[in-house]
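The values are calculated or read from the model by the stated rules, or taken from the named source; none is laboratory data. Since we're looking at a predicted model, the values are computed, not measured. Please note: Cβ atoms are built from the backbone with ideal geometry, for glycine as well, and neighbour counts cover all protein chains shown.
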Amino acid sequence: MLLNSCLPTCLLCTCLSGSVYCDDTDIKNIPALPKDTTHFYGRFNKLTNIKKGDFAGLNHLKRIDVTGNRISSIDEDALRQLPELVDLMVASNELVQLPELPKTMVSIDASYNKLNSSGIKTEAFKDLNNLEYLYLAGNSLNYVPLPLPESLRSINLQNNNVQQINDDTFCNSKDIHYVRKALELIRLDGNPINLSKTPSAYICLPHVPYGNY
Ligand SMILES: *[C@@H]1O[C@H](CO)[C@@H](O)[C@H](O)[C@H]1NC(C)=O
Ligand SMILES: *[C@@H]1O[C@H](CO)[C@@H](O)[C@H](O)[C@H]1NC(C)=O
């Protein structure tokens, strides 16, 4: 089914069954999107920011993929009101701050940006109870963003600046029976941390993190 092919956006981009593909089209702004857009792809363009109104009212939007642009800012309230958003792909941009995200998120990829730990709000991921995949490799994070939701299956923090973790980063020092069984993959390689120094930080995990021992 072709959607709203009369919108100018669908002349520049390809609109197909809820998906709008604007990859490699040299766009500098998010174009006006059909109301029933479920997936937006704007990879490898010249986007520099995402504004409050860009996705407003797109109540069926599930995925935004703007990998490989020059995005340095996303307005704080540009995404949090999207009721069905599950995937946000903003890898390879210039973000210094992550905006607030809706609780429906399953996968966030903000790898290879310019995030340091002050660019991620305190407890930013705590209430994202569906979050399974968190990719933050290639930034300048000084610590693991805490707390991590129980739903998390994988956290990629390779090539950051994490220097320490403790017994409560992944586990619970007050409850030796606690098991975090979902968290199958932790990447801490490429950080200035010696993981041998905290042997009891991994007791609740199915596998020890990748990194230097
Ligand atoms: C974190 O990044 C921001 C934005 O780039 C910068 O202003 C700030 O100085 C950085 N903080 C640290 C501790 O490096
Ligand atoms: C890491 O720490 C352990 C225990 O303190 C030490 O034996 C090991 O040599 C250290 N490894 C590196 C690469 O510094």
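Quick look at the values:
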read-out: Residue selected from the range 166-197 under the condition closer than 16 Å to His207 by Cα and of a type in the set (A, V, I, L, M), by the criterion farthest from ligand 2 (Cβ to nearest atom); value: Ala182
read-out: Residue tally, condition of a type outside the set (D, E, K, R) and farther than 17 Å from Leu79 by Cα, over the range 98-128; value: 8
read-out: Filter pass, Phe55 being aromatic (Phe, Trp, Tyr), crowded, with 18+ Cβ neighbours inside 10 Å and either in the same structural domain as Pro99 (by the TED database) or farther than 13 Å from Pro83 by Cα (or both); value: yes
read-out: Residue satisfying all of: in the range 171-213; within 18 Å of Asn160 (Cβ to Cβ) and touching a helix residue (DSSP H, G or I) at 6+ places or on another chain (Cβ under 7 Å); nearest to ligand 1 (Cβ to nearest atom) among these; value: Leu188
read-out: Candidates Gln97, Gln158, Gln164, filtered to the one that is within 16 Å of ligand 1 (Cβ to nearest atom) and within 26 Å of Tyr213 (Cβ to Cβ); value: Gln164
read-out: Single unsatisfied condition, Leu146 versus (1) within 16 Å of ligand 1 (Cβ to nearest atom); (2) within 27 Å of Ile71 (Cα to Cα); value: (1)
read-out: Among residues of the range 173-201, those that are surrounded by fewer than 19 Cβ atoms within 10 Å (Cβ to Cβ) and either closer than 13 Å to Asn142 by Cα or under 25 Å from the mean Cα position of the chain (by Cα) (or both), counted; value: 9
